[in-house]
Structures are given as C-alpha cells and as structure tokens.
1. Net charge within 9 Å of GLY59 by Cβ-Cβ distance, Lys/Arg positive one each and Asp/Glu negative one each, not counting GLY59 itself?
2. Please find the FRET efficiency linking THR54 to ASP9, where r is the Cβ-Cβ separation and R0 is fixed at 22 Å, and quote it to the nearest 0.05.
3. Can you give the Rg and Dmax of the range 1-89 based on its C-alpha atoms, in angstrom?
4. Find, among the trypsin sites (Lys or Arg not before Pro) in the range 76-112, those assigned to loop by DSSP (not H, G, I, E, B) with at most 15 other beta-carbon atoms within 10 angstrom.
5. Under the rule a/c < 1.5 gives rounded, and otherwise a/b versus b/c splits prolate from oblate, where does the range 46-119 land using the Cα gyration tensor?
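Nothing in this text is a laboratory measurement; each read-out follows from the coordinates by a stated rule. It should be emphasised that the depicted structure is a prediction, and the values quoted were computed from it without experimental measurement. For neighbour counting, all protein chains shown are included, and Cβ atoms are generated from backbone atoms with ideal geometry for every residue, glycine included.
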Amino acid sequence: MNPVNFLYDALNSFGRLTAAAGNFPDIINLGEASIERMTVDLKVPAGPFTGSCTLTIQGADTEGGTYATIVASGSITAAMINDGYGLPVPKTGFKFIRVAIAGTYTGTVEAIINSKIGK
C-alpha cells in the first residue's frame with residue numbers, strides 16, 4: 001500500500017456529496033497561497049462506494065466569477081479510491097478553487113486538498 005498523508009485540515013475540504021453529480025458544496029479561497037504540486041484526494045467517509053466518477057478542479061479569480069477547468073481526471077473506480085486516489089494540481093493563478101464530480105455512483109464522497117507536496 002502506498003503511504004498516504006492522513007493529516008487533513010477541515011479547512012481543506014470541499015465538502016461531501018452523496019450519490020450526486022455536480023459541484024462539491026465548498027469553495028476554497030486560496031488568497032495568496034498555491035496548491036501547485038498538491039493533490040485533491042477523493043475519500044469515502046461513509047459507506048461503500050460503487051460505480052465510477054470523474055473529478056474536475058476549477059478555478060476563478062472571484063468567488064462568484066466564471067470558473068475555468070484547471071485539470072480533469074479520467075474515470076475513477078472504487079478500487080482507485082481504496083488505493084488512495086489523488087488528482088495532481090498543476091500551477092495555476094486562480095484565487096478561488098472548487099471541485100466538481102460527474103458520473104454514476106453510490107455512497108458519500110469527500111474531496112480534500114492533500115497538502116503533501118508531490119513532484
């Protein structure tokens with residue numbers, strides 16, 4: 001099993017969705033910070049996950065502004081989530097970040113910024 005950073009801060013959570021496509025409920029204001037080389041991890045905090053989904057990380061210069069896609073995943077399966085799935089975030093200048101999920105799945109998922117710096 002790969003080592004995973006379990007030291008998440010609640011302020012790094014985009015919130016939870018249960019068996020629903022769309023935007024996670026929380027938008028994160030990065031201010032002057034950057035999440036470059038970090039990942040947005042998909043976790044299953046309650047119940048089993050079945051099906052598949054895709055994640056899209058989006059950014060905007062203002063909270064109510066137009067969000068642009070920063071990066072999108074391929075198909076994410078239950079096995080990938082169980083192994084510790086994280087979508088790497090490339091360099092971006094956006095101040096506001098949100099995450100959207102698409103696909104058909106059951107269970108509750110949570111998207112969280114994993115602050116462990118990757119390559």
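1. Details: positive: LYS95, ARG98; negative: ASP61.
Charge balance in the 9 Å sphere: +1.
2. 0.30
3. Here Rg and the maximum Cα pair distance are 13.5, 40 Å.
4. Values: sites: LYS91, LYS95, ARG98; in loops: LYS91, LYS95.
Loop-located and lightly packed - LYS91.
5. Taking the square roots of the gyration eigenvalues as a ≥ b ≥ c, the range 46-119 is prolate.
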